[in-house]
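What follows is a single structure, written as structure tokens, with notes after it.
Just so you know, all these numbers are worked out from the coordinates, no wet-lab data involved. Small disclaimer: the values here were computed from a predicted structure and weren't measured. Note: ideal-geometry Cβ built from the backbone for every residue, glycine included; neighbour counts use all protein chains shown.
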Amino acid sequence: MADPKRVAVLISGRGSNLRALVEQADGYRVALVASNKPQAAGLDWPRSRGLPTWTWDSKGQSREVFDEALDQVLEDHGIGTIALAGYMRLLSPGFIEKWRGRIVNIHPSLLPAYRGLDTHARVLAAGETITGCTVHVVSEELDAGRILASSQVPVEAGDTPQMLEARVLAAEHLLYPKALARFIMAQAKRSG
Ligand code: GRF
């Protein structure tokens, strides 16, 4: 079994969580950044740091074909753990099966509440006073795998979705590296 401490971070967008995962890495190493969007802004920073990156435009590709290529590059880099960080493409069932228990994700709500997209707007529309973010293991069901850690964030009067997003994102950057480190330590103990 590949070393759980060798992490691939999968992104589709700005990559602020990727950066937090690299900068606060403790007991693991980001050995690959992969993206299904060749133009993702979040690729600039790892490239400037000389981190290995891989991209292939997933547009027009079947889930299976794209995920097979992704799987191959993960194997080539000896990846043991996958961290999704704003990866906006559903993984194929075959890929999830193969990597079961080794893929984690961060979601900007207190799961199981507000799975899916537009979480902050929905949280505001519902009049919530507390929201947050959750790190969980990825399963076939969207945003529904085993919860590893979560962090609460207050909703403040007059918040717009953008204001709330910024506050939750700051909490994500603290939570994700710690939760990933703890998860990997447990995985490493189990495999070694
Ligand atoms: C974060 O809010 C994360 O919770 C969600 O997508 C967003 C990614 O942001 N899954 P970034 O690309 O890490 O800045």
With an 8 Å Cα cut-off and a minimum separation of 6 or more residues, compute the relative contact order for the chain in percent.
23 percent
May I ask you to list the aspartates and glutamates whose Cα is less than 15 Å away from that of K189, ignoring any residue fewer than eight positions away on the same chain?
D3
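Taking K and R as +1 and D and E as -1, what net charge do the other residues with C-beta under 15 Å from the C-beta of H120 add up to? Can you show the working numbers first?
Numbers: positive: R115, R122, R167; negative: D118, E128, D143, E156, D159, E165, E172.
Local charge sum for H120: -4.
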Under DSSP loop assignment and at most 14 Cβ neighbours within 10 Å, longest GluC sites (Glu not before Pro)-free interval of the chain:
1-139
Take the alpha-carbon centre of segment 29-66, take the same for segment 72-113, and report the distance between them in whole Å.
14 Å
To the nearest 10 degrees, the tilt of helix 63-76 (Cα long axis) against the first principal axis of the alpha carbons of the chain is 60 degrees
Net charge contributed by nearby residues that have their C-beta within less than 13 Å of A41 (K/R +1, D/E -1):
+3
Charge tally for neighbours of A149 with beta carbon under 10 Å away, counting Lys, Arg as +1 and Asp, Glu as -1, is +2
Ordered by residue, what ³J(HN,Hα) values in Hz, to whole numbers, does segment 25-32 give under the Karplus form 6.51 cos²θ - 1.76 cosθ + 1.60, where θ = phi - 60° and Gly and Pro are x?
4, 9, x, 8, 9, 7, 9, 7
